[in-house]
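Here's the structure, in C-alpha cells; my notes come after.
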Amino acid sequence: MRCFLRRSLTVIISLLVFLLVINLSSWPQEDSAMKEVRQWAQDVGLHQLHAEHNRHSLQRLKFLTVGLCSVKRKRENYLLETLKSVFERSTQEELRKMVIVVHLADPDQEWNAQMVKQIAKRFAPHLLLGRLLLIHAPSEYYPSLEDLKRNFNDAEDRVQFRSKQNVDYAYLMNFAANLSTYFLMIEDDVHCSKSFFTAIQKRLASLQGSYWVTLEFSKLGYIGKLYHSSDLPQLAHFLMLFYQEMPCDWLLVHFRLLLTQKEVIRFKPSLFQHIGHYSSFQGTANKLKDEDFEEDLSRLPDNPPADMVTDIVTFENYLPFKAYSNMADYFWGKAPSAGNSFTIVFKQAARVLRIQIHTGSQHHPGDYLRAGLVELGTEKGKQHCIRYTPIGHFEHGNFDRDNLESSTTYAPECVRITVTEGQSEWLIIHSISIWTKPQ
C-alpha cells in the first residue's frame, strides 16, 4: 500500500505541472506574476519528481496544513470562494506558518484543467510562494468502484460516490503527511472565521500535554477536523482499507476510537461555516449551517497554557480542563463545601487583563456556584500559588472583571475560584475565559 501511494504522487505532481504549463501558455496576455507561475511550472517539469522530493522541496515544515478535496458539481461551485476566505481571513504572519493543499479529485480532466487555470489566475502569488499546492490522483490509481458493498442499503451511485471520496481524502492526507505539524481538514464550500489559525493555536496551547487524536472546530461533516500530521499515514491507509464500508465521517470516528480518544473534543465557537446550497453528490439541496459559528474571533480569550487543580469531587468524565478549553463540554463536580477551590495554574506568568467565568448550564441551570471568590495568585509552588489577591465575587453564578492589569505587582501565575458557602447542589463550571496582555 505504501509503495502504491508514493508511486502515485509522482503522477499527481507531473499532472499538475502539465496542466499549469498547458493552460498558462494559452493565455493571450500575462502580467509578471503569471509569467513567474508559468516559468515555475516549466522548471519543475524538467526534473523527475518523487514523493519524498515533492514533500520536502515544495515546502518547508509549517505549523498547519489546510487540506480539502474538490470535485465538479452539477450546480454551484464554491472552491474559489473557499480559497479566498482562507487567505483573506488570515494575516500575513499566519499565512507564513501554513500551507493549503487542494486535491482536484474529479476524473474529468477538462474540469481539472479549468480549475487549475482559474486558481492560478486568482491566487498566483500564493502558488509562487509555495503556500498553495494543487494535486490530482489519476483514476487508474483508484481501487475498483464497481460491485461495491451495499452497506446500509445505500443506492449504488451513492456508494460509489462516498467510496471514491474516501480514497480522495486518503491521497490528500498521504501527500500532506510531511508538510506541517498539524493537518486541518475542511470542505470546498466553507467560510472561515477571521484569524482562525490563531484561534486553533490558542486551543492547542490550552491542551498542551493532553492526549488527543481529533479536535473539532465545527460540528458539520468533514469541516474543521484537526489531526497530528504524524497520524496521517495511518489515517490514509485506514481510509483506503475500508473505503467501501461506510462514509468518510463515520470512518473518522472509528479511527479516533481505535486510537483511544473515546470522547469528541469539539470547541466553541465554530471556526468554519458551511456556505454551499447544493451537495457535491447529485446537486441535491444542502443548506446545513453551524449555529455555533462566529465571524469575528477578536474577542476570543487567550487562555494561556495551564494546569487545573481542584479538591471538588469530579463527576465521571467531566474533568477540570474542560472548563478552561472552550470545549462544548464542562467541569461537573459534586456538591462543594466552603473552602473548596478550583485553581488554574499557568505554565508561565501572564499579565491578566480580564476574567470571565460562567457556572451552571442550560440543561442543569441549578448547578451553579451560589457564593464564590476569585483571586489572582503569585509566587507559584508545585500546584498552587503562595500569595493571592482577591479581585471579586460571583454574582448569580457568573463572574466578569476587566482592567485587571494592575491588580498585582507581579504577573499572576494562578487564578483561584474559592467556594465561600457550601451548597447541596452540584457545581458545573461551564467556561473560564482569560484575556492576557501580549508578551
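Listing for the model above:
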| quantity | calculated |
| --- | --- |
| Condition met for Val116 (surrounded by 17 or more Cβ atoms within 10 Å (Cβ to Cβ) and under 20 Å from Arg162 (Cα atoms)) | no |
| Any chance Val264 is within 28 Å of Ser195 (Cβ to Cβ), of a type in the set (A, V, I, L, M, F, W, C) and modelled with pLDDT of 80 or more | yes |
| Any strands (runs of 3 or more DSSP E) falling wholly within the range 301-389 and containing at least 1 residues that are in contact with a helix residue (DSSP H, G or I) (Cβ under 7 Å, 6 or more places away or on another chain) and either at positive phi or of a type in the set (Ser, Thr, Tyr) (or both) | 306-310 |
| Contacts under 7 angstrom Cβ, first residue in the range 93-119 being under 14 Å from Pro138 (Cβ atoms) and in the same structural domain as Ala137 (by TED's automatic domain parsing), partner of a type in the set (Phe, Trp, Tyr) and buried (at least 23 other Cβ atoms within 10 Å of the Cβ), 6 or more apart | His103/Tyr171 |
| Count - residues of the range 402-439 that are more than 21 Å from Pro320 (Cβ to Cβ) and either touching a Leu at 6+ places or on another chain (Cβ under 8 Å) or surrounded by 14 or more Cβ atoms within 10 Å (Cβ to Cβ) (or both) | 8 |
| Test result for Leu184, surrounded by 21 or more Cβ atoms within 10 Å (Cβ to Cβ) and not β-branched (Val, Ile, Thr) | yes |
| Per-region count, the range 75-108, residues over 25 Å from Ser298 (Cα atoms), surrounded by fewer than 18 Cβ atoms within 10 Å (Cβ to Cβ) and in contact with a Phe, Trp or Tyr (Cβ under 7 Å, 6 or more places away or on another chain) | 2 |
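The values are calculated or read from the model by the stated rules, or taken from the named source; none is laboratory data. Bear in mind the structure is a predicted one, so any value in this text is a computation, not a measurement. So basically every Cβ, Gly included, is an ideal-geometry build from the backbone, and we count neighbours across all protein chains shown.
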